[in-house]
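Quick one: structure below, then a few questions.
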Amino acid sequence: MLRYALKRLLSLILSLAVASLVIFLVVEVAPGDPASFMLGVNAQADTVAALKAELGLDQGKTARYLNWVAGMLGGDFGTSYTYRTPVAGMIADRMWVSLPLALYALTLSTLIAFPAGIYAAARRGKAGDMAVMGATQLGVAVPNFWFAMMLVLIFAINLRWFGAGGFPGWEAGIGAGLHALTLPAIALALPQAAILTRVMRSALLDILDEDFMRSARAKGLTRRQALWRHGVRNALIPVLTIIGLQFSFLLAGAIIIEQVFYLPGLGRLVFQAISARDLIVVESVVMLLVFAVITVNFLVDLAYALVDPRLRSRA
(Lines give C-alpha, C1' and ligand atoms only; values in the text may rest on other atoms or scores of the structure.)
Protein backbone atom coordinates (compact mmCIF):
# COMPACT_ATOMS: atom_id res chain seq x y z
CA MET A 1 0.00 0.00 0.00
CA LEU A 2 2.86 2.40 0.84
CA ARG A 3 4.57 1.76 -2.48
CA TYR A 4 1.31 2.36 -4.32
CA ALA A 5 0.75 5.63 -2.42
CA LEU A 6 4.29 6.86 -3.14
CA LYS A 7 3.90 6.21 -6.87
CA ARG A 8 0.64 8.14 -6.91
CA LEU A 9 2.23 10.96 -4.89
CA LEU A 10 5.06 11.26 -7.42
CA SER A 11 2.51 11.42 -10.21
CA LEU A 12 0.68 14.17 -8.30
CA ILE A 13 3.85 16.25 -7.95
CA LEU A 14 4.72 15.92 -11.63
CA SER A 15 1.17 16.81 -12.64
CA LEU A 16 1.27 19.94 -10.48
CA ALA A 17 4.59 21.01 -11.99
CA VAL A 18 3.27 20.66 -15.54
CA ALA A 19 -0.01 22.34 -14.62
CA SER A 20 1.74 25.37 -13.12
CA LEU A 21 3.74 25.89 -16.31
CA VAL A 22 0.70 25.52 -18.56
CA ILE A 23 -1.41 27.88 -16.44
CA PHE A 24 1.29 30.54 -16.39
CA LEU A 25 1.88 30.38 -20.13
CA VAL A 26 -1.83 30.39 -21.04
CA VAL A 27 -2.61 33.35 -18.79
CA GLU A 28 0.46 35.31 -19.88
CA VAL A 29 -0.27 35.02 -23.60
CA ALA A 30 -3.81 36.36 -23.14
CA PRO A 31 -4.21 39.73 -24.87
CA GLY A 32 -4.07 42.95 -22.86
CA ASP A 33 -1.52 44.50 -20.52
CA PRO A 34 -2.60 44.75 -16.85
CA ALA A 35 -0.77 48.04 -16.27
CA SER A 36 -2.25 49.68 -19.37
CA PHE A 37 -5.69 48.32 -18.46
CA MET A 38 -5.50 49.77 -14.95
CA LEU A 39 -4.27 53.22 -16.07
CA GLY A 40 -6.47 53.55 -19.15
CA VAL A 41 -5.73 54.13 -22.82
CA ASN A 42 -4.58 57.74 -22.28
CA ALA A 43 -1.86 56.91 -19.75
CA GLN A 44 1.67 58.11 -20.43
CA ALA A 45 4.30 55.53 -21.35
CA ASP A 46 6.54 56.39 -18.38
CA THR A 47 3.57 56.02 -16.00
CA VAL A 48 2.78 52.59 -17.45
CA ALA A 49 6.44 51.59 -17.15
CA ALA A 50 6.54 52.72 -13.50
CA LEU A 51 3.43 50.69 -12.68
CA LYS A 52 4.88 47.64 -14.42
CA ALA A 53 8.01 47.94 -12.29
CA GLU A 54 5.90 48.29 -9.15
CA LEU A 55 3.88 45.17 -10.03
CA GLY A 56 6.93 43.19 -11.15
CA LEU A 57 5.70 42.99 -14.72
CA ASP A 58 8.94 44.40 -16.07
CA GLN A 59 10.76 41.14 -15.32
CA GLY A 60 11.18 38.34 -17.85
CA LYS A 61 8.58 35.59 -17.98
CA THR A 62 11.01 32.98 -16.66
CA ALA A 63 11.86 35.06 -13.60
CA ARG A 64 8.22 35.83 -12.97
CA TYR A 65 7.27 32.15 -13.26
CA LEU A 66 9.99 31.04 -10.87
CA ASN A 67 9.11 33.79 -8.37
CA TRP A 68 5.43 32.82 -8.58
CA VAL A 69 6.12 29.12 -7.99
CA ALA A 70 8.58 29.83 -5.17
CA GLY A 71 6.06 32.12 -3.53
CA MET A 72 3.27 29.51 -3.74
CA LEU A 73 5.51 26.88 -2.19
CA GLY A 74 6.02 29.28 0.72
CA GLY A 75 2.32 30.11 0.97
CA ASP A 76 2.68 33.51 -0.74
CA PHE A 77 0.44 33.86 -3.80
CA GLY A 78 1.55 37.42 -4.50
CA THR A 79 -0.36 40.69 -4.36
CA SER A 80 -3.45 41.52 -6.39
CA TYR A 81 -2.80 44.09 -9.10
CA THR A 82 -6.26 45.59 -8.69
CA TYR A 83 -6.94 45.46 -4.96
CA ARG A 84 -3.30 45.66 -3.77
CA THR A 85 -4.00 43.03 -1.13
CA PRO A 86 -2.43 39.58 -0.68
CA VAL A 87 -3.99 37.04 -3.02
CA ALA A 88 -3.78 34.37 -0.31
CA GLY A 89 -6.16 36.37 1.87
CA MET A 90 -8.60 36.90 -1.00
CA ILE A 91 -8.57 33.17 -1.75
CA ALA A 92 -9.02 32.23 1.91
CA ASP A 93 -12.04 34.52 2.28
CA ARG A 94 -13.75 33.06 -0.76
CA MET A 95 -12.73 29.48 -0.07
CA TRP A 96 -15.00 29.59 2.99
CA VAL A 97 -17.89 29.95 0.54
CA SER A 98 -16.85 27.70 -2.34
CA LEU A 99 -15.64 24.74 -0.27
CA PRO A 100 -18.74 24.44 1.94
CA LEU A 101 -20.92 24.90 -1.16
CA ALA A 102 -19.10 22.06 -2.96
CA LEU A 103 -19.30 19.77 0.08
CA TYR A 104 -22.96 20.63 0.62
CA ALA A 105 -23.81 19.92 -3.02
CA LEU A 106 -21.77 16.69 -3.03
CA THR A 107 -23.49 15.49 0.14
CA LEU A 108 -26.92 16.16 -1.36
CA SER A 109 -25.91 14.48 -4.61
CA THR A 110 -24.65 11.36 -2.83
CA LEU A 111 -27.66 11.13 -0.50
CA ILE A 112 -29.97 11.25 -3.52
CA ALA A 113 -27.97 9.08 -5.90
CA PHE A 114 -27.06 6.10 -3.71
CA PRO A 115 -30.59 5.04 -2.71
CA ALA A 116 -31.96 5.95 -6.14
CA GLY A 117 -29.31 3.91 -7.97
CA ILE A 118 -29.71 0.93 -5.66
CA TYR A 119 -33.49 1.12 -5.93
CA ALA A 120 -33.33 1.20 -9.74
CA ALA A 121 -30.88 -1.72 -9.90
CA ALA A 122 -32.99 -3.83 -7.53
CA ARG A 123 -36.03 -3.25 -9.77
CA ARG A 124 -34.41 -3.60 -13.15
CA GLY A 125 -36.94 -3.32 -15.96
CA LYS A 126 -39.84 -2.51 -13.66
CA ALA A 127 -41.82 0.71 -13.31
CA GLY A 128 -39.63 2.02 -10.48
CA ASP A 129 -36.49 1.53 -12.54
CA MET A 130 -37.99 3.31 -15.54
CA ALA A 131 -39.19 6.18 -13.35
CA VAL A 132 -35.72 6.70 -11.87
CA MET A 133 -34.04 6.52 -15.26
CA GLY A 134 -36.51 9.00 -16.70
CA ALA A 135 -35.83 11.41 -13.84
CA THR A 136 -32.07 11.08 -14.28
CA GLN A 137 -32.37 11.70 -18.02
CA LEU A 138 -34.20 14.92 -17.25
CA GLY A 139 -31.60 15.85 -14.64
CA VAL A 140 -28.75 15.41 -17.10
CA ALA A 141 -30.53 17.36 -19.84
CA VAL A 142 -31.54 20.44 -17.82
CA PRO A 143 -28.75 23.11 -17.56
CA ASN A 144 -27.95 23.87 -13.94
CA PHE A 145 -28.02 27.65 -14.47
CA TRP A 146 -31.61 27.42 -15.79
CA PHE A 147 -32.53 25.17 -12.90
CA ALA A 148 -30.92 27.69 -10.53
CA MET A 149 -33.05 30.50 -11.93
CA MET A 150 -36.18 28.38 -11.55
CA LEU A 151 -35.27 27.72 -7.91
CA VAL A 152 -34.90 31.46 -7.33
CA LEU A 153 -38.22 32.15 -9.04
CA ILE A 154 -40.12 29.51 -7.06
CA PHE A 155 -38.50 29.43 -3.63
CA ALA A 156 -37.09 32.94 -3.32
CA ILE A 157 -39.50 35.19 -5.21
CA ASN A 158 -42.82 33.33 -5.00
CA LEU A 159 -42.61 31.36 -1.76
CA ARG A 160 -39.99 33.59 -0.05
CA TRP A 161 -38.47 30.63 1.77
CA PHE A 162 -34.92 31.60 0.76
CA GLY A 163 -33.07 34.73 -0.26
CA ALA A 164 -32.54 35.35 -3.96
CA GLY A 165 -28.79 35.64 -3.53
CA GLY A 166 -25.90 36.85 -1.44
CA PHE A 167 -24.12 35.31 1.52
CA PRO A 168 -24.37 36.67 5.10
CA GLY A 169 -21.03 35.23 6.22
CA TRP A 170 -20.40 32.44 8.70
CA GLU A 171 -20.23 34.97 11.52
CA ALA A 172 -24.04 35.21 11.16
CA GLY A 173 -24.23 31.56 12.23
CA ILE A 174 -23.94 28.14 10.62
CA GLY A 175 -27.70 27.96 10.12
CA ALA A 176 -27.81 31.27 8.26
CA GLY A 177 -24.83 30.28 6.11
CA LEU A 178 -26.28 26.89 5.17
CA HIS A 179 -29.65 28.49 4.50
CA ALA A 180 -28.03 30.89 2.02
CA LEU A 181 -26.17 28.02 0.32
CA THR A 182 -29.15 25.65 0.09
CA LEU A 183 -30.56 26.77 -3.26
CA PRO A 184 -27.12 26.98 -4.94
CA ALA A 185 -26.25 23.55 -3.52
CA ILE A 186 -29.48 22.04 -4.86
CA ALA A 187 -28.88 23.63 -8.27
CA LEU A 188 -25.43 22.05 -8.37
CA ALA A 189 -26.39 18.73 -6.77
CA LEU A 190 -29.36 17.53 -8.80
CA PRO A 191 -27.60 17.28 -12.21
CA GLN A 192 -24.67 15.54 -10.52
CA ALA A 193 -27.04 13.23 -8.64
CA ALA A 194 -28.59 12.20 -11.96
CA ILE A 195 -25.18 11.19 -13.32
CA LEU A 196 -24.16 9.40 -10.13
CA THR A 197 -27.46 7.52 -9.98
CA ARG A 198 -26.97 6.15 -13.48
CA VAL A 199 -23.39 5.10 -12.68
CA MET A 200 -24.48 3.43 -9.44
CA ARG A 201 -27.27 1.53 -11.19
CA SER A 202 -25.02 0.42 -14.05
CA ALA A 203 -22.25 -0.72 -11.70
CA LEU A 204 -24.68 -2.71 -9.57
CA LEU A 205 -26.27 -4.37 -12.58
CA ASP A 206 -22.83 -5.51 -13.75
CA ILE A 207 -22.09 -6.91 -10.28
CA LEU A 208 -25.41 -8.76 -10.06
CA ASP A 209 -24.41 -10.91 -13.03
CA GLU A 210 -21.10 -11.99 -11.47
CA ASP A 211 -20.52 -15.58 -10.31
CA PHE A 212 -19.93 -14.64 -6.66
CA MET A 213 -23.37 -13.01 -6.53
CA ARG A 214 -24.98 -16.18 -7.83
CA SER A 215 -22.99 -18.14 -5.22
CA ALA A 216 -24.29 -15.84 -2.49
CA ARG A 217 -27.84 -16.43 -3.66
CA ALA A 218 -27.20 -20.19 -3.75
CA LYS A 219 -26.10 -20.05 -0.10
CA GLY A 220 -29.52 -18.79 0.88
CA LEU A 221 -29.26 -15.00 0.70
CA THR A 222 -32.18 -13.16 -0.80
CA ARG A 223 -31.59 -10.89 -3.79
CA ARG A 224 -31.78 -7.84 -1.56
CA GLN A 225 -29.38 -9.29 1.04
CA ALA A 226 -26.86 -10.23 -1.65
CA LEU A 227 -27.18 -6.77 -3.15
CA TRP A 228 -26.45 -4.97 0.12
CA ARG A 229 -23.82 -7.36 1.52
CA HIS A 230 -21.79 -7.98 -1.62
CA GLY A 231 -23.04 -5.88 -4.50
CA VAL A 232 -22.79 -2.33 -3.17
CA ARG A 233 -19.20 -2.59 -1.97
CA ASN A 234 -17.98 -4.12 -5.21
CA ALA A 235 -19.76 -1.43 -7.21
CA LEU A 236 -18.01 1.40 -5.37
CA ILE A 237 -14.94 1.70 -7.63
CA PRO A 238 -16.64 3.42 -10.59
CA VAL A 239 -18.85 5.33 -8.16
CA LEU A 240 -15.81 6.66 -6.28
CA THR A 241 -14.39 7.84 -9.60
CA ILE A 242 -17.50 9.87 -10.33
CA ILE A 243 -17.67 11.27 -6.80
CA GLY A 244 -14.07 12.45 -7.04
CA LEU A 245 -14.68 14.07 -10.41
CA GLN A 246 -17.90 15.63 -9.18
CA PHE A 247 -16.24 17.23 -6.16
CA SER A 248 -13.58 18.69 -8.42
CA PHE A 249 -16.25 20.02 -10.77
CA LEU A 250 -18.34 21.43 -7.93
CA LEU A 251 -15.35 23.25 -6.46
CA ALA A 252 -13.86 24.52 -9.71
CA GLY A 253 -16.85 24.76 -12.00
CA ALA A 254 -19.45 26.67 -9.99
CA ILE A 255 -18.71 30.03 -11.65
CA ILE A 256 -22.14 30.34 -13.27
CA ILE A 257 -24.04 29.31 -10.13
CA GLU A 258 -22.04 31.75 -8.03
CA GLN A 259 -22.91 34.47 -10.52
CA VAL A 260 -26.62 33.59 -10.43
CA PHE A 261 -26.74 33.72 -6.62
CA TYR A 262 -24.15 36.50 -6.18
CA LEU A 263 -21.99 34.32 -3.98
CA PRO A 264 -18.52 35.66 -3.12
CA GLY A 265 -16.76 32.41 -3.99
CA LEU A 266 -13.68 31.40 -5.96
CA GLY A 267 -15.55 31.18 -9.25
CA ARG A 268 -16.80 34.75 -8.98
CA LEU A 269 -13.31 35.88 -7.93
CA VAL A 270 -11.82 34.37 -11.09
CA PHE A 271 -14.51 35.97 -13.24
CA GLN A 272 -13.84 39.40 -11.72
CA ALA A 273 -10.06 38.96 -11.98
CA ILE A 274 -10.28 38.04 -15.67
CA SER A 275 -12.42 41.11 -16.31
CA ALA A 276 -9.87 43.33 -14.53
CA ARG A 277 -6.81 41.62 -16.09
CA ASP A 278 -5.61 40.76 -12.58
CA LEU A 279 -3.32 38.00 -13.82
CA ILE A 280 -1.75 37.02 -10.53
CA VAL A 281 -5.19 36.34 -9.04
CA VAL A 282 -6.26 34.30 -12.07
CA GLU A 283 -3.06 32.23 -12.05
CA SER A 284 -3.15 31.59 -8.31
CA VAL A 285 -6.83 30.67 -8.07
CA VAL A 286 -6.70 28.39 -11.13
CA MET A 287 -3.55 26.74 -9.76
CA LEU A 288 -5.27 26.19 -6.42
CA LEU A 289 -8.28 24.64 -8.15
CA VAL A 290 -6.01 22.38 -10.21
CA PHE A 291 -4.26 21.36 -7.00
CA ALA A 292 -7.65 20.51 -5.48
CA VAL A 293 -8.64 18.45 -8.54
CA ILE A 294 -5.37 16.51 -8.64
CA THR A 295 -5.39 15.96 -4.88
CA VAL A 296 -8.95 14.62 -4.97
CA ASN A 297 -7.96 12.22 -7.76
CA PHE A 298 -4.99 11.13 -5.65
CA LEU A 299 -7.29 10.41 -2.70
CA VAL A 300 -9.68 8.54 -4.99
CA ASP A 301 -6.79 6.37 -6.18
CA LEU A 302 -5.97 5.55 -2.56
CA ALA A 303 -9.62 4.74 -1.94
CA TYR A 304 -9.48 2.38 -4.93
CA ALA A 305 -6.60 0.53 -3.33
CA LEU A 306 -8.51 0.19 -0.06
CA VAL A 307 -11.62 -1.10 -1.80
CA ASP A 308 -9.82 -3.34 -4.32
CA PRO A 309 -6.59 -4.95 -2.99
CA ARG A 310 -5.73 -6.11 -6.53
CA LEU A 311 -4.61 -2.58 -7.35
CA ARG A 312 -2.04 -2.66 -4.56
CA SER A 313 -0.59 -5.92 -5.88
CA ARG A 314 -0.08 -4.34 -9.33
CA ALA A 315 1.87 -1.37 -7.95
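Check off (1) assigned to a loop (DSSP other than H, G, I, E, B); (2) under 30 Å from Gly177 (Cα atoms) for Ala43 and give me the number that stays unchecked.
Of everything listed in (1) assigned to a loop (DSSP other than H, G, I, E, B); (2) under 30 Å from Gly177 (Cα atoms), Ala43 misses just condition (2).
Moving to a separate point now. Please go through region 143-179 and pick out each residue that is within 19 Å of the chain's Cα centre (by Cα) and free of Cβ contacts under 8 Å to residues at least 60 places away in the same chain.
Residues satisfying the conditions are Pro143, Phe147.
Name, by its number, the condition in (1) open to solvent by 60 Å² or more (accessible area, probe 1.4 Å); (2) in contact with a Ser or Thr (Cβ under 7 Å, 6 or more places away or on another chain) that does not hold for Thr62.
Exception for Thr62: condition (2).
Which of the residues that make up region 77-104 are under 15 Å from Gly267 (Cα atoms) and either more than 21 Å from the chain's Cα centre (by Cα) or open to solvent by less than 20 Å² (accessible area, probe 1.4 Å) (or both)?
The answer is Val87, Met90, Ile91, Val97, Ser98, Leu101, Ala102.
Would you be able to tell me the number of residues in region 155-190 that are in a helix (DSSP H, G or I) and either open to solvent by 30 Å² or more (accessible area, probe 1.4 Å) or over 17 Å from Phe261 (Cα atoms) (or both)?
13
Can you name every residue in region 60-90 that is over 13 Å from Ile280 (Cβ atoms) and either assigned to a loop (DSSP other than H, G, I, E, B) or of a type in the set (A, V, I, L, M) (or both)?
Within region 60-90, Gly60, Ala63, Leu66, Ala70, Leu73, Gly74, Gly75 qualify.
Across region 191-210, what is the total count of residues that are among the hydrophobic types (A, V, I, L, M, F, W, C), within 20 Å of the chain's Cα centre (by Cα) and surrounded by fewer than 22 Cβ atoms within 10 Å (Cβ to Cβ)?
2
The values are calculated or read from the model by the stated rules, or taken from the named source; none is laboratory data. The structure displayed is predicted, hence computed values, not measured ones. Virtual Cβ from ideal backbone geometry, glycine too; neighbours counted across all protein chains shown. Remember, those area values only see protein heavy atoms, side chains included, never the ligands or the DNA or RNA. Shrake-Rupley method; radii C 1.70, N 1.55, O 1.52, S 1.80 Å.
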